[in-house]
1. Scan the range 428-438 and give yes if some residue there is closer than 21 Å to residue 73 by Cβ and open to solvent by 20 Å² or more (accessible area, probe 1.4 Å), otherwise no.
2. Just checking, which of 383, 396 is at pLDDT 90 or above, closer than 23 Å to residue 498 by Cα and surrounded by fewer than 20 Cβ atoms within 10 Å (Cβ to Cβ)?
3. Looking at (1) assigned to a helix (DSSP H, G or I); (2) of a type in the set (Phe, Trp, Tyr); (3) in contact with a Ser or Thr (Cβ under 6 Å, 6 or more places away or on another chain), find the lone condition where residue 321 falls short.
4. Find the helices (runs of 4 or more DSSP H) located wholly in the range 13-101 whose residues include 1 or more that are open to solvent by less than 20 Å² (accessible area, probe 1.4 Å), at pLDDT 90 or above and not aliphatic (A, V, I, L, M), and list them.
5. Find all pairs meeting these conditions: Cβ atoms under 8 angstrom apart; at least six residues apart or on different chains; first residue within the range 221-234 and in contact (Cβ under 8 Å) with a residue 12 or more places away in the chain and assigned to a helix (DSSP H, G or I); second residue open to solvent by 30 Å² or more (accessible area, probe 1.4 Å) and of a type in the set (Asp, Glu).
6. Taking residue 366, is it open to solvent by less than 40 Å² (accessible area, probe 1.4 Å) and under 30 Å from residue 200 (Cα atoms)?
7. With the requirement that a residue be open to solvent by 10 Å² or more (accessible area, probe 1.4 Å), in a helix (DSSP H, G or I) and free of Cβ contacts under 8 Å to residues at least 40 places away in the same chain, what does the range 287-318 give you?
8. Tell me, which residue of the range 439-457 that is hydroxyl-bearing (Ser, Thr, Tyr) and in contact with a strand residue (DSSP E or B) (Cβ under 8 Å, 6 or more places away or on another chain) is surrounded by the fewest Cβ atoms within 10 Å (Cβ to Cβ)?
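The values are calculated or read from the model by the stated rules, or taken from the named source; none is laboratory data. Everything numeric here is computed off the predicted structure, so don't read it as measured data. Cβ: placed from backbone, ideal geometry, glycine included. Neighbour counts: every protein chain shown. What goes into the accessible areas is simple: the full protein's heavy atoms, side chains included, and nothing from ligands, DNA or RNA. Shrake-Rupley method; radii C 1.70, N 1.55, O 1.52, S 1.80 Å.
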Amino acid sequence: MMSFAARSITALLAAASLVTVEGNAFLRAQPHAEQHVAADAVKELLLSELSLVKKDGSFAVLREELRVMYAALPKNRYGRLDSSVVRYALHRYFVQTRGWFVEGLQPNNGKFNSSSPVEIMKDRVPAFLQSIFEERVHGRGLDLEDLAAFAATIQELVHKESTDLLMEAYTLLDLPMDTPLDEKNTALAVETYLLSVILGTKVSTLKRWQVETVLKNAHRAYPAWPDVTLWAHDLRRAENHLHKPTNPFSGSKQVGTPFPEAATFIEKVGHKFGSFQDHECREMKDMLMEKEHQGSGRVRLSEFYQGSLDGNWQFSESVEYLRSIGALDETDPKMPAVVIPNYVTSHSNCLASSSFYSVCCLNECEVLMTQLERAVALPMAASSLLANLVANMSSSTVDAPRTLPSSLLDRLEDISVHHGGDIPLHGRLFAQWMHHAFPRECPYPHTAGTTNPMTPDEWMAASGDNAIANVEDMSRYISAGSNNTAGPLDIEEPLALPWSMSEELIDYRPYEKSSQEASEGIFRTFLDTFRPVAQLAVVVASGYAIFSTVRPALRGEEDLKLPR
């Protein structure tokens, strides 16, 4: 979806003879020049964030945002999070709250190997931060405040980078940073910044007149550009109204926007842009659902490509690329289908907003998982509890309450048997079950190593193939789809959707209960063990009382006495 915008911007620049570009440039084809960051600066920033614990209001907000997920995550024997769980938690946090896919937080990222680097690649910053934490806590893992400090440090690094990019825009436009700007120049600086981070244009290589030319024609390359700039200006006016109220009787007037204030606003743009951009993601999902197979959360590849030939340019990825990113269901080889939530949340639909992260479509399943984590507040739960909770959860396409199909409940019991009781909330099997319960919102979780989440240009560079299907290939699949009479996938029969009993947990060691959880578990075990004995005792006592009451009558005695 977004790669088209970048290619069109590239073509626009080339046509105007403004810059020299590569013919097949995608969104990330012009990355930010500075891909390294000083290790000492990162460490100093982390220590600064740690010093704000219990002191800074924004830090407290961030900590509270993490609290629900933290409570439900598996802990080690120290009651803390191990490294794989930390990466999982931070990845989910930034995706859910910002729409940021932070480089280096992927589950397969290993430990930081260099003992004393001078500079580190920005995609290795999370691993470097983790190595500092592990040294600080002597390998015992991270608690909630450590996790919040970790998140705050990454966020602050992003803020610093956005400030640097805004400074580049000011320098390019020859605007003073020590004098407040008027409305026109502030708007120009903001739009130039957006041109850099959203469309990937390297503005530092351009002149002011070239930037102004690109800004006037950006809508030709990226049709949503007017909406983006309108949203940004509306957001700035709202922020100004909120933080700089004017008294109509005072006679004071707005004196302009100083650079620090503009930099703070740019930070808010970064925080909120993911939510704004997600409107386009939801529109794309709606278009796919119009071609969906009977509630399966899938669109036949023939229908997918037909949309592209009909003018929906975003549905044009090649079969090989769709398979690589995990968006293709080939359960029926004769009738492959695009999995809607896997496609929508894939890297094909991300924007290269920073060298630290990309802005991707929000994962709707995260909202559902947060509801479960808040209700359970533990890493594991009984199948009966999970079934009841899910039956009463609604999504954008599923109403609640509802009666879950027996086949879906059987699958949940299979997972329970696999784990010998309670089900881990953060394992692959439960994620697969959630996909069956919410096939349009929850992505299908492929087993590790079978997919490769790359942007189109990254995949092209690695494979040497084209990530965009040609018209001949699209037409071939469309023709095959029209000639195939195989029955569609049916959501009423979840077993028809892909299912495997391959489990993967975010924490590789067996789940270790805390002392409180252990004591609660012992109490529940005691009740479960002795409940039958207690019930039998009640039955025996009741029977004896009745017998004592009627025994005199059986003996012919005249007076019946009630038992005491």
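1. Checked against the condition, which is being closer than 21 Å to residue 73 by Cβ and open to solvent by 20 Å² or more (accessible area, probe 1.4 Å), the range 428-438 yields at least one hit.
2. Within the list 383, 396, the selection yields 396.
3. Unmet for residue 321, out of (1) assigned to a helix (DSSP H, G or I); (2) of a type in the set (Phe, Trp, Tyr); (3) in contact with a Ser or Thr (Cβ under 6 Å, 6 or more places away or on another chain): (3).
4. Passing ranges, in order: 83-97.
5. Close Cβ pairs (under 8 Å, with a partner that is open to solvent by 30 Å² or more (accessible area, probe 1.4 Å) and of a type in the set (Asp, Glu)) amount to 229/191; 232/191.
6. When the stated conditions are applied, residue 366 passes them.
7. Within the range 287-318, 287 is the sole residue that qualifies.
8. 444
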